[in-house]
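To start, the structure itself, in C-alpha cells.
The values are calculated or read from the model by the stated rules, or taken from the named source; none is laboratory data. All values derive from a computational prediction rather than experimental measurement. Counting neighbours? That spans all protein chains shown, and the Cβs are built from the backbone with ideal geometry, glycine included.
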Amino acid sequence: MVDTIYIEQQVREHPRALAVMQRFKHARVIEIERYSEVFNSHGQNFRLQKQNPSLILAHKSNARLHSTPAQYETGGGANYYFSHMLNCLYDCRYCFLQGMFQSANYLLFVNFEDFVADIASTAEQHGHDARPAWFFSGYDCDSLAYDPVTGFAEHFLAAFEQLPNAVLELRTKSTQIRSLLARPATPNVVVAYSLSPPAVASELEVGAPGFEKRVDAIVRLQQHGWRIGLRFDPVIWHADYQQDYAGALAYLFERVDAAQIDSVTLGGFRLPRDYYKKMQKLYPEHWLFAAGLNSEASQIAYRQTLEQEVLGAVETLTRQYISQQQLYVYPSYEAGPAQQQGVAELETMR
Amino acid sequence: MSSMARPSLHLVTALACEAKPLIDCFGLRKQEQTDYPLFQGQLRDHKVSLVVSGLGAFNAGAASAWLAGRESALGRSQSAVWLNIGVAGHASLAPGEALLVHACRAADEIRSYYPSMVAKWPGKTAALYTLAMPSQDYPADAMIDMEASGYFTAVSRFSTAELIQSIKIISDNQRSNLEKLSPTVISDLIQSRITELCSFIDNLLAIARLPQPADYLHLISHLHASVSHRAQYARLIEHLSATGGLDEQLQQALGQANTIAEVLAMLRERRDQQVPVLNGVD
Ligand code: SF4
C-alpha cells in the first residue's frame, strides 16, 4: 500500500492521476514541480527505500521511445522500448533497476496518450518494412504488476488493435491478467513471461508471484488465445541448477502448448559495471554478486566458461520442448578467448 | 560474515529548551569540552548523540556537520539516523501539533529538499520554509522555522535521505504572540509530543539496518600488504563471506600464511571452488 504520493503540479488534474489518487485515498499527497526533484536526487538508498516506496505521478515530456540494444531482437524488425513506469512492485535481487536508479519510488507517467502517439507515428515510419516494428514494455518496470492501479494494459492494448504493423511485447512476472482475459486476444501483442525455477524464484524474485502461479497465468492466457513468450533471463547458476531448470521446464511444458509459444529466450546473469558496483554495495552480503562473476565481458557476467556451460545446459534442456526457430540465446561474450585481467579488475572494483 | 550495523541516532535541536525533554527521555549526559553542547547516551543498542546548534540555518548545518565528523572519526557514522526536532510557526495550525517535514526550502533558494518518506509516521506532514529571521508573516501552505534547511543541506552529505528527517512542533500561528514563547513553554510543547517522537525514532532505527562489510583484516595483520593488496583481500573476503566459503579452516590457513600473495592465492582458489547453494531465504 502506498502511503505517500508525490504529484507534479502539471498532472494534478489529469484524469489518470485523479483515478490513481482515488485508489489511495489515505495517502499523503505532496505536490512537486518536477519528478526529478524527488526521483533523481542524490543521497537516496534503494535498499532502504524499497521497504516503503512512494508513488510519483508525473508527465513524460520527451524521450518516450528508445531503440533497443541491437542484440535483443526476437521480432526481426525494428525494435523499440518504452516505459510508462520506472521501478517495480517486486524486488528481484538481480534486477538492474537497483543499479540504474537512485530511487526505489514508483514513477508513473500518466500521459499514456503521448506514448501511444509516439508509438503510432514510429510504427507509421516503418509502414513499408518487411516485418512489423516491435515495441517492448517492461524494461524499467513489470508491465502488468501495477495494472489494476494504472490501467496500462487496457489503454495500450486498445491502441495496438489500431496498429496492425506494430507488435507490443509485455514483459511480466505478474498474474494481474484480468484485463487481458476480459478482451479478445490481440494478434499483435505478445505476453512475455519471465520465469525462473521455483527455488530461484522464491530466493531471488522477492514479492513476485511464484513459478507455479505464473505458469497458471500463462496457461489461462494461452487458452484465451494470447501469444506467449518465455524468458529465462537471467539463468542463475547454482548448485542444482540443471535439476532445477529441468524440473521447471518439464512442469511448464506439461501445461502450455509449446508449439504455440512465440519465442523462448535465455540469457546469463550480466550487468553493466556501474550497476553491478552499486548493487553489490547495496547487498554486499548476497552471494548473487559474488558467485562465478567476473568482468571479462564488456559487462559483469559469469566467467565465460561457466556461462557457456550454464547457458548450454539450459539450452539443451529447452530444446527438448522448443524448436531452434523459437529459441534465442543471449551470451554476454563476443566469440573469442576470455581475458584474464577481468578477474583482477573485479577484485579491486569499488 | 557481514553483519547488520546498529545505526546510531543523531538528534539536532536549535535550543537547549528544545533539547531538554529529549535529554530527559533518553537519559543523555553532557559531554565535557566540546565545540557545541553535546549530550550522549544509549537507546537499547543504539548510541544516541544530541547536539544543540544555536539559532539559524548556518549554526544548524555547522553543528550537524561537526557531529557527523566527530562520529565518523570514531568509526560510528555508518547508516546513522538523523532527526532535527524543534518548534515552528504555521498560519493556522494549533500550537502543539507535531508535523513531519516532507519538503524543506530556504527562503532564498529555488530547490527544495525532499526527505524520503520511508519510516512510518502516522501524523500529519507539511512543507517547511527556513527563514533567516523570526517572522510572523506565515505562508498559507507551509511551516516556518530558522534551521531546517541548514540541517538538511549539511546532513545529506553524511547519511541517506531515508534516514534524515525533521519533526516540527507548532509553537505559534497568526493568532498567537511570539513574545509569550518562553523556554519553559517550548520544552512543554516538545514534551507533549515525546511519545510520537520516540515512536518515530523507533521506526527510523528499524528501517536503518544496513549490512556492514565483513572485516577480517586482523587475519593478515602479521603480513606486509600494499593498499592494492588490502583492497583485493577485502573484496575476496567479502565474496567468500557472501557465498559461505569463509570457514574456520580457511581462516586458520590465512593466519598462518607467510606472504600476502599466498593469502590472495588461497582466497582465489576457494572463490573459484564455491558453488552457490540456494537456501530458499533471501
Ligand atoms: S519483475 Fe522485472 S522489473 Fe520487477 S524487480 Fe523483477 S526484474 Fe526488476
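Descriptive notes on the structure:
- Failed item, numbered, when A:Q125 is tested on (1) free of Cβ contacts under 8 Å to residues at least 24 places away in the same chain; (2) of a type outside the set (A, V, I, L, M, F, W, C); (3) buried (at least 19 other Cβ atoms within 10 Å of the Cβ): (3)
- Residues located in segment B:1-50, provided they are of a type in the set (S, T, Y) and under 30 Å from B:L250 (Cα atoms): B:S2, B:S3
- For segment A:1-28, the tally of residues that are exposed (fewer than 14 other Cβ atoms within 10 Å of the Cβ), within 13 Å of chain B (Cβ to nearest Cβ) and modelled with pLDDT of 95 or more stands at 1.
- Filter result (more than 14 Å from chain B (Cβ to nearest Cβ) and near the ligand (Cβ under 6 Å from one of its atoms)) within segment A:85-100: A:C88, A:L97
- Matching residues in segment A:244-301 - criterion: being of a type in the set (A, V, I, L, M, F, W, C) and not in a helix (DSSP H, G or I): A:V256, A:I261, A:V264, A:L266, A:F269, A:L271, A:A290, A:A291, A:L293, A:A297, A:I300, A:A301
- Cross-chain or 6+ apart pairs with Cβ under 6 Å, segment B:155-172 first and more than 9 Å from chain A (Cβ to nearest Cβ), then of a type in the set (D, E): B:I170/B:E97
- Complete set of residues in segment A:103-138 that are within 16 Å of the ligand (Cβ to nearest atom), assigned to a loop (DSSP other than H, G, I, E, B) and in contact with a helix residue (DSSP H, G or I) (Cβ under 8 Å, 6 or more places away or on another chain): A:S103, A:A104, A:N105
- Hits in segment A:148-171 - residues which are touching a strand residue (DSSP E or B) at 6+ places or on another chain (Cβ under 9 Å) and closer than 18 Å to A:V110 by Cβ: A:V149, A:T150, A:F152, A:A153, A:F156, A:L157, A:A159
- Residues being within 11 Å of the chain's Cα centre (by Cα) and either assigned to a strand (DSSP E or B) or acidic (D, E) (or both) - total across segment B:147-165: 3
- Conditions (1) under 27 Å from A:G268 (Cα atoms); (2) part of a loop (DSSP other than H, G, I, E, B); (3) away from the ligand (no atom under 16 Å from the Cβ): number failed by A:A208: (3)
- Inspection of segment A:241-257 finds no residue satisfying the criterion of being surrounded by 15 or more Cβ atoms within 10 Å (Cβ to Cβ), more than 14 Å from chain B (Cβ to nearest Cβ) and charged (D, E, K, R).
- Filtered residues of segment A:201-219 (kept if closer than 15 Å to A:T172 by Cβ and within 14 Å of chain B (Cβ to nearest Cβ)): A:A201, A:E205, A:G207, A:A208, A:G210, A:F211
- Filter result (surrounded by 14 or more Cβ atoms within 10 Å (Cβ to Cβ) and at pLDDT 90 or above) within segment B:263-273: B:V263, B:L264, B:M266, B:L267, B:R268, B:R270
- Qualifying residue in segment B:223-230 (condition: within 14 Å of another protein chain (Cβ to nearest Cβ), surrounded by 18 or more Cβ atoms within 10 Å (Cβ to Cβ), modelled with pLDDT under 95 and not in a helix (DSSP H, G or I)): yes
- Residue count for segment A:296-324 satisfying the condition of being touching a residue at least 12 places away in the same chain (Cβ under 8 Å) and touching a strand residue (DSSP E or B) at 6+ places or on another chain (Cβ under 8 Å): 13.
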